[in-house]
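Student: There's a structure below that I have some questions on.
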Amino acid sequence: MALCNLYSMTKGQQAIRDLARAMHDRTGNLPLFPGIYPDYSAPIVRNSADGRELVLARWGMPSPAFALQGKKSDPGVTNIRNTKSPHWRRWLGVENRCVVPFSSFAEPELQPDGRRPPAWFAFDDTRPLAFFAGIWTHWTSVRKVKEGETTNDLFGFLTTEPNIDVGVIHPKAMPVILTNPEEIDLWMTGTLAEALNLQRPLADKSLRIVARGMKEDLGQLASGRDI
């Protein structure tokens, strides 16, 4: 399991619309998402001509050309760090920015026996709603060979240096997290320089590990506990 390739979103769509100030909801009856993996469809909020909209998109932005050499499919890139790269720069304008709602995210925690079960991070045990700073695009490609060529809305989110909370588990990076409407507005509408100022770690001691392992976290939904 690579950096943040698993997260959950178990808050209702009204809460998402309220915090992200989304005017339109294109998702229908949105289910809860106890486990979102790469290439899964998941909710994002993006800009549109008539206001912000809540939609579903597949997790994984188009890969750079060098990463596709010799390959027959492109499963996508979930986490984006190098925002100076021309490959990513083309999608950093306001029209391609989005926010990705989540309630907890997982990082692989190395065990003495070599296993890497997930450690789940959230702001507290109630898993309050927050957002990753993301980008999206409409793209035609072969995501899976068995599917053939398809056209999809795709998304990924930015990463940055880890704070002390995440760094003890994953010392290389953490997702870029937006915690309030002001940060969301800045990411969605600010200049590129203003938006990229948000590509920074959260304050230390703002996150905590709320669960470890697959069964512990994903199973909580079935037992009636919000994750």
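The values are calculated or read from the model by the stated rules, or taken from the named source; none is laboratory data. All values derive from a computational prediction rather than experimental measurement. Positions of Cβ are generated from backbone atoms using ideal geometry, with glycine treated the same way; all protein chains shown enter the neighbour counts. Please note that ligands, DNA and RNA were not included when accessible areas were found on the heavy atoms of the full protein model with its side chains. Shrake-Rupley method; radii C 1.70, N 1.55, O 1.52, S 1.80 Å.
Student: For region 12-100, which chymotrypsin sites (Phe, Trp or Tyr not before Pro) are both in a DSSP coil and crowded by at most 15 other Cβ atoms within 10 Å?
Tutor: Qualifying residues, ordered by number: TYR40.
Student: Continuing with the same structure: What does the charge count around ASN79 come to, taking other residues whose C-beta lies under 14 Å from its C-beta (Lys +1, Arg +1, Asp -1, Glu -1)?
Tutor: Surrounding charge for ASN79 is -1.
Student: Only Lys, Arg, Asp and Glu count, each charged at its Cβ (+1, +1, -1, -1), so figure out the dipole size of the chain about its Cα centre, rounded to 20 debye.
Tutor: It works out to roughly 600 debye.
Student: What are the residues whose amide H is under 5 Å from the amide H of GLU109, where those residues sit 5 or more places off or on another chain and H is modelled from the backbone?
Tutor: Result for GLU109 returns ALA119.
Student: Now for a different question. Express the Stokes-Einstein translational diffusion coefficient of the chain in µm² s⁻¹, to the nearest whole number, given a Kirkwood radius over alpha-carbon pairs, 25 °C and a viscosity of 0.890 mPa s.
Tutor: Translational diffusion coefficient: 137 µm²/s.
Student: Mind giving me the nanometre distance, one decimal, between the label points for GLU161 and GLU194, set 7 Å out from Cα along Cα→Cβ?
Tutor: 2.5 nm
Student: Once the whole set of protein chains is in place, how much accessible area is left on MET23, using a 1.4 Å probe, in Å² to the nearest 10?
Tutor: Result for MET23: roughly 140 Å² accessible.
Student: For the residue pair VAL142 and LEU110, what label-to-label distance in nm results when each label sits 7 Å from Cα along the Cα-to-beta-carbon direction?
Tutor: In this crude label model, VAL142 to LEU110 measures out at 3.6 nm.
Student: Assuming a ≥ b ≥ c are the square roots of the Cα gyration tensor eigenvalues, decide whether region 1-129 counts as rounded (a/c under 1.5), prolate (otherwise, with a/b larger than b/c) or oblate.
Tutor: Cα axes put region 1-129 in the oblate bin.
Student: Dipole magnitude of region 115-218 about its Cα centre, charges +1 at Lys/Arg Cβ and -1 at Asp/Glu Cβ only, in debye to the nearest 20?
Tutor: 660 debye
Student: Still on this model: Taking amide hydrogens as modeled 1.01 Å from N in the peptide plane, which residues meet the under 5 Å criterion relative to SER103, leaving out close sequence neighbours?
Tutor: Distant-sequence amide H within range of SER103: SER8, MET9, THR10.
Student: Could you give me the ³J(HN,Hα) list for region 24-40, computed from phi with Karplus coefficients 6.51, -1.76, 1.60 and θ = phi - 60°, whole Hz, x at Gly and Pro?
Tutor: Listing the rounded values in order: 10, 10, 9, 9, x, 8, 6, x, 7, 10, x, x, 10, 10, x, 6, 6 Hz.
Student: Here's another thing I want to ask about it. Just going by the charge dipole of region 105-202, with Lys and Arg at +1 and Asp and Glu at -1 on Cβ, which of TRP136, GLY190, LEU178 is farthest out on the positive end?
Tutor: TRP136
Student: Ignoring ligands and nucleic acids, what accessible area does GLU95 show with a 1.4 Å probe (Å², nearest 10)?
Tutor: Its accessible surface works out to 110 Å², give or take rounding.
Student: Would you look at the GNM of the chain, springs on alpha carbons closer than 10 Å, and say which of LEU202, LEU192, LEU56 moves the most?
Tutor: Checking each option, the largest mean-square fluctuation is seen for LEU192.
Student: If we count every other residue with Cβ under 9 angstrom of THR159's Cβ, Lys/Arg +1 and Asp/Glu -1, where does the sum land?
Tutor: Surrounding charge for THR159 is +1.
Student: Using the Karplus equation 6.51 cos²θ - 1.76 cosθ + 1.60 (θ = phi - 60°), what ³J(HN,Hα) coupling, rounded to whole Hz, does each residue of region 151-166 give in order, writing x for Gly and Pro?
Tutor: Once θ is set to phi - 60°, the couplings for region 151-166 become 10, 9, 7, 10, 9, x, 10, 6, 10, 8, 4, x, 7, 5, 5, 7 Hz.
Student: Can you say what percent of the DSSP beta bridges in region 20-96, counting only those with both residues inside, are antiparallel? Round to 5.
Tutor: 80 percent
Student: How high is the FRET efficiency between THR126 and LYS72 when r is their beta carbon distance and R₀ equals 45 Å, given to the nearest 0.05?
Tutor: The formula returns an efficiency of 0.55 here.
Student: Now for a different question. Show the residues, 5+ positions off or on another chain, whose built amide H is closer than 5 Å to the amide H of TYR40.
Tutor: It is TRP59, by chain and number.
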